[in-house]
Amino acid sequence: MISLRRRTVLATGAAALAAPALILPARAEGLAPTPTMRGGANNCRPGAPLVDRIGGGGFLMTGSVRRAGDGAPLPGRRIQIWAHTTEGHERDARSHGATLTDAEGHFALDMPQIVPAFGQPHGHLAYDADYDDGGFRTVFLRPIMGSARDRTLDVAFVLEPA
Amino acid sequence: MGLALGVPLAASSSSPLLAWREPVYIVAGFAGVVALGLLLVQPLLVGGHLPGPRGRVAHRWVGAGLVAAIVVHVAGLWITSPPDVIDALTFTSPTPFSGWGVVAMWAAFGAAGLAAIRRRMRPRLWRPAHSALVAVVVIGTVVHALLIQGTMGTVSKAVLCACVLAAAGAVMSRLRAWAPLLRR
């Protein structure tokens with residue numbers, strides 16, 4: 001992993017030195033991909049169904065999905081969401097659901113209120129390449145709410161082409 | 001001491017978070033609170049600060065209870081969410097408090113293990129070793145507890161943690177836990 005990253009850095013550096021005029025403008029406007037977060041995939045149920053709402057709702061999970069590099073919005077991407085809420089634990093099927101991004105690459109899913117579990121009020125979101133034909137790499141996120149009283153959480157995905 | 005123990009125990013057994021937790025998760029969290037409470041009792045027993053003639057005997061029994069509480073805490077969390085506990089035990093958890101708790105757990109098992117083989121150890125080594133492990137237990141547990149958004153009230157938790165630190169520090173320094181190492 002480290003050696004791979006180091007190789008990438010070295011290759012990028014070498015390319016930048018070799019052709020600065022070509023590489024530098026692209027890097028200046030390049031949007032870095034969102035890395036998978038530690039624990040992001042915990043208790044994921046792969047292929048959770050597309051839903052209009054998880055449970056009774058009351059908490060709004062929103063976000064954007066863009067392409068790394070040029071930042072182009074990605075419509076029709078499938079985002080999976082789950083959390084420990086007032087209606088169930090992370091492992092319960094009823095705590096899971098998926099939604100699609102709109103034409104501007106935005107998504108919003110109504111779900112039950114997230115409550116602190118395992119020491120932090122947090123959600124889980126996934127872009128799972130196995131359930132999407134868009135040709136991007138899988139990303140698992142585990143954002144933490146600023147306060148347990150928050151009623152919304154906004155999450156940005158920047159996907160790396162596979 | 002009744003207040004320092006009673007208030008956080010009462011807070012954690014009436015927390016609104018409990019309404020959204022299954023029994024095994026509730027028991028796991030409560031076992032953690034009990035373990036923190038026993039950490040306050042332990043130095044007071046060994047220092048002879050609690051009523052009753054046999055403080056050191058009680059210290060051993062409470063120590064066994066502390067180990068049991070830790071086991072219930074970790075096992076209950078494992079049943080509630082296995083991947084989160086595996087992350088914690090392998091020090092790959094996203095939550096900063098997990099590692100402190102795991103270090104405290106192993107140090108507590110170590111301190112209890114030393115207690116079990118005390119007669120086979122040289123006395124001048126035993127007390128500093130047991131005390132050093134206990135210092136890791138106390139500091140690790142306090143940081144673990146303070147960083148968690150859990151069922152204990154914030155203020156009552158901070159007060160209990162301060163009492164735990166003060167009691168352990170005071171008894172260790174009064175008994176001069178490190179003194180055998182200085183003797184030549």
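The values are calculated or read from the model by the stated rules, or taken from the named source; none is laboratory data. Computed from a predicted model, the values in this text were never measured in an experiment. Using ideal geometry, Cβ is built from the backbone for each residue, glycine included, and neighbour counts are taken over all protein chains shown. The protein model used for the area step is the full one, side chains on, heavy atoms only, and it has no ligands, DNA or RNA in it. Shrake-Rupley method; radii C 1.70, N 1.55, O 1.52, S 1.80 Å.
Observations on the structure shown:
- DSSP beta bridge pairing in the protein assembly as shown, given as percent antiparallel to the nearest 5: 70
- Surface accessible to a 1.4 Å probe, A:GLU87 within the full protein complex, Å²: 80
- For A:PHE118, solvent-accessible area (1.4 Å; no DNA, RNA or ligand), Å²: 40
- Alpha carbon centroid spacing (whole Å) that separates segment B:97-136 from segment A:119-162: 41
- Taking the square roots of five times each eigenvalue of the Cα gyration tensor of the protein assembly as shown, the equivalent ellipsoid has semi-axes of 48, 26, 15 Å, listed largest first.
- Average beta carbon contacts from partner chains per residue of B:143-153, 10 Å cutoff: 2
- Since only A:ILE79, A:MET145, A:THR101 are under comparison, the one whose Cα sits farthest along the positive direction of the charge dipole of segment A:59-159, derived from C-beta charges on Lys, Arg, Asp and Glu, is A:MET145.
- Fraction of antiparallel bridges per DSSP, segment A:57-162 only, in percent to nearest 5: 75
- Distant alpha-carbon pairs in chain B (separation over 27 angstrom), percent: 27
- Site pair B:ARG118 and B:LEU182 shows an inter-label distance of 2.3 nm when each label is modelled 7 Å from Cα along Cα→Cβ.
- Heavy-atom accessible area order for A:LEU60, A:LEU153, B:LEU181, largest first, 1.4 Å probe: B:LEU181, A:LEU60, A:LEU153
- Over segment A:59-159: Rg over Rh, Cα atoms, Kirkwood Rh: 0.97
- Helix-only CD estimate at 222 nm, as mean residue ellipticity for chain B, using -39500 (n - 2.57) per DSSP H run (n ≥ 4): -26000 deg cm²/dmol
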